[in-house]
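Structure in structure tokens, see below.
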Amino acid sequence: MKKFTPLLFYLSVFFMAVTYYLTSIGKAEVYPFYSWKLFSKPFGSTTEDKIFRIYGLENKRLVLIMNFDQDAYDGNTKFSIINLYGKNIKMNIDKEQNLKKLRNFAKITAPQFSKYILVEESFNFQKINEEKIKINQEIITEF
């Protein structure tokens, strides 16, 4: 195994450079270096995970705004932005400024809604494969 370590290292560096070039010209990644969240944005915990989501209000019906890739943002970036502003809003850290930024972000990524609702969802990720998983939802604010 030791004899393959240098080869694996150089292959990794090569694919990372190719991926950097491809992402800089707007192409998909060959090597999942930049979008892989295992080390860059860990999300693991031992008990309960909390994430923030935005719902849009459409004809008196709540619609979950999914974190799909768009021209301006990829799904991971949208997830990170919503969670950053959501945590700050919930903890009253520059609440008005963060709410304004989140409102602008929501209008850019999902302009078809008249109102938006920020919701914190908590769940135990270890029970995700069970038939019924309990997801607690707390409405943080409407904007």
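The values are calculated or read from the model by the stated rules, or taken from the named source; none is laboratory data. In this text, all values refer to a predicted model and were calculated from it rather than measured experimentally. Here Cβ is always computed from backbone atoms with ideal geometry, including for glycine, and neighbour counts include all displayed protein chains. Just so you know, the surface numbers come from the protein's heavy atoms only, side chains and all, with ligands and any DNA or RNA stripped out. Shrake-Rupley method; radii C 1.70, N 1.55, O 1.52, S 1.80 Å.
Okay, residues lined up against (1) open to solvent by 60 Å² or more (accessible area, probe 1.4 Å); (2) in a helix (DSSP H, G or I); (3) in contact with a helix residue (DSSP H, G or I) (Cβ under 8 Å, 6 or more places away or on another chain):
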position: I82; (1), (2), (3): no, yes, yes
position: K87; (1), (2), (3): yes, yes, no
position: F113; (1), (2), (3): no, no, yes
position: I140; (1), (2), (3): no, no, yes
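Looking at the structure I just gave you, is Y55 under 18 Å from L102 (Cα atoms) and at pLDDT 80 or above?
Values: under 18 Å from L102 (Cα atoms): yes; at pLDDT 80 or above: yes.
Considered against the rule, which asks whether it is under 18 Å from L102 (Cα atoms) and at pLDDT 80 or above, Y55 comes out as yes.
Turning to a different aspect of this structure: Write out, first by first residue and then by second, each pair whose Cβ atoms fall under 7 Å of each other, whose residues are 6+ apart or on separate chains, and whose first residue, in region 59-87, is farther than 19 Å from K101 by Cβ while the second is modelled with pLDDT under 80 and outside any loop (DSSP other than H, G, I, E, B).
F68/G75; D69/G75
Of everything in region 91-102, what is surrounded by 15 or more Cβ atoms within 10 Å (Cβ to Cβ) and either part of a loop (DSSP other than H, G, I, E, B) or touching a residue at least 24 places away in the same chain (Cβ under 8 Å) (or both)? Give them in sequence order.
Of everything in region 91-102, those that are surrounded by 15 or more Cβ atoms within 10 Å (Cβ to Cβ) and either part of a loop (DSSP other than H, G, I, E, B) or touching a residue at least 24 places away in the same chain (Cβ under 8 Å) (or both) turn out to be L99, L102.
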